[in-house]
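Read-outs throughout are calculated quantities, based only on the coordinates presented, and are distinct from any laboratory measurement. As the structure is a prediction and not an experimental result, all values here were calculated from the model. Cβ placement follows ideal geometry from the backbone for every residue including glycine, while neighbour counts extend to all protein chains displayed.
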């Protein structure tokens, strides 16, 4: 009886040890698949209040309400990290960021962004810039112009 129990235990342990690497690989693939792809061109208009020396609009000595059109271009993403540019009609800045599920965090030359993906192609972002030279509080809903996943689908057949 003891031999039968030992044999069953050895078979069970051998099966678990053999399955371990496969299960770990499957979990890693699932985790990587769940990372949202942010690459693309996103556009939105901000609702902001700002003052001071501002790079994207005229300087303001007192708090001023602003609405600025933005283009956020995510050029490259590797896993959870990405980079690109944020541009208005007057200036352009490099942005770097990370994504954790639906949460997006970014930084540019003088401020930080906290965002949330509300769908694969909609991103709401709060921007804060604090300092003696300028202050900004802003919120922008960005909509991706086109989904890069759509670019992977086969081309439509030409009309006959």
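How would you rank 127-135, 37-45, highest first, on the average number of other Cβ atoms within 10 Å across their residues? Intermediate values should be presented prior to the final figure.
On the way: 127-135: 14.1, 37-45: 17.1.
Most protected by this proxy first, the peptides run 37-45, 127-135.
Using a 7 Å offset from the Cα along the Cα-to-Cβ direction at both residue 124 and residue 47, what is the distance between the two label points in nm, to one decimal?
1.0 nm
Binned at 10 Å from 0, what are the whole-percent values of the Cα-Cα distance distribution for segment 40-145, short to long?
Per 10 Å bin, starting at zero, the Cα-Cα P(r) for segment 40-145 comes out as 15, 52, 26, 6, 0 percent.
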